[in-house]
1. Within the range 7-35, can you find the residues that are in contact (Cβ under 8 Å) with a residue 40 or more places away in the chain and of a type outside the set (Gly, Ala, Ser)?
2. For the range 36-50, what are the residues that are polar (S, T, N, Q), under 34 Å from the mean Cα position of the chain (by Cα) and in a helix (DSSP H, G or I)?
3. Out of Ala159, Ala172, report the one residue that is over 19 Å from Met81 (Cβ atoms), touching a Gly at 6+ places or on another chain (Cβ under 7 Å) and not β-branched (Val, Ile, Thr).
4. So which residues in the range 121-138 are without any contact (Cβ under 8 Å) to a residue 12 or more places away in the chain and under 30 Å from Tyr96 (Cα atoms), if there are any at all?
5. Can you tell me which residues in the range 233-276 are at pLDDT below 85, part of a helix (DSSP H, G or I) and among the polar types (S, T, N, Q)?
6. How do the pairs read when you match residues in the range 42-58 that are aliphatic (A, V, I, L, M) with residues anywhere that are modelled with pLDDT of 85 or more, using Cβ under 7 Å and keeping only pairs 6 or more apart or on different chains?
7. When you scan the range 83-141, how many residues do you find that are surrounded by fewer than 14 Cβ atoms within 10 Å (Cβ to Cβ) and in a loop (DSSP other than H, G, I, E, B)?
8. Take Leu132 and tell me if it is out of contact with any helix residue (DSSP H, G or I) (no Cβ under 9 Å at 6 or more places or on another chain) and aliphatic (A, V, I, L, M).
Amino acid sequence: MTEHKRSAAIRYTLVTLTMCLIIAPFYWIYSSSVKESTEIVSLAPTLFPQTFTLTHYANLLSSSDYPIYLTNSVVVSAATMAITVVLATSAAYGLYRLPFPGSKTLYRMILLAYIFPGSLLLIPLYVMLSSLNLLDTQLALIIINVTFAAPFSVWLLKAFFASIPFELEEAASLDGASWLQTLLRVVLPLASPGVASVAIFAFITSWTEYMFASILIISDANRTLPVGLAGIIGQYVIDWGLLLAGAGATTLPIILLFVLIGRYFVQGLLEGGVKA
């Protein structure tokens, strides 16, 4: 075997092992969610379901508050994504395309937001939201999620905005376009991979957020999926079938999102890293 074939075989082997490690947990969740309860807790685990049932999914939709949690997560994640995209694109355009005194200092201060872990800010944010009477509201989660997603999004868009020639904006200005029209009609179409990356990042960050949602939300009517699924785990008895069905139904939207537009997210991260 030549050196080239040997290195190719090693690469393919490593890629295959990595894919197995990534796919295995999802396969186990979905395959176990359609097993009978006795097969799930059996001492001899089965790789392929010996029985097939959709009872766990039926119970999830009919005898639990999963539909409420799903609705709350969709509302919070969609609102977080929309607000983050608007704020991040506007802020990035102002920082990188409309130079002003102190812009570099402001850019560095934005990155400082990631120095402090979220747990360190939990108590100050709790007190602030409590004083504004926003505890136990979806608006509180939206504010928190946007706060943590926007700084990274602004940084990510820097490379895309910096790569767009200023001559295009000058031409638009000569044609009478305002800065907002230039942003919407000239800059954003050229930076669409970066905007798509920001949208996906904000959505996933909000969809999977647990810590703040578990502290700021008290009532079942406002809980999101991560917190709601944690409530399925009882103190003495765990309905593994219901829990696995909930985990499968919760991860399915993220999987579909990556299948449909995940290539834009990867493209955005790669192009942003190269251009930066």
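The values are calculated or read from the model by the stated rules, or taken from the named source; none is laboratory data. Computed from a prediction, not measured in an experiment: that's the story for all the values here. Virtual Cβ from ideal backbone geometry, glycine too; neighbours counted across all protein chains shown.
1. Scanning the range 7-35 gives Phe26, Ile29, Tyr30, Lys35.
2. Passing the criteria: only Ser37.
3. Numbers: Ala172 fails: touching a Gly at 6+ places or on another chain (Cβ under 7 Å).
The match here is Ala159.
4. Leu121, the sole residue that qualifies.
5. Within the range 233-276, just Gln267 meets the criteria.
6. The qualifying pairs are Leu54/Val34.
7. Of the residues in the range 83-141, 10 are surrounded by fewer than 14 Cβ atoms within 10 Å (Cβ to Cβ) and in a loop (DSSP other than H, G, I, E, B).
8. Taking the combined requirement at face value, the residue does not satisfy it.
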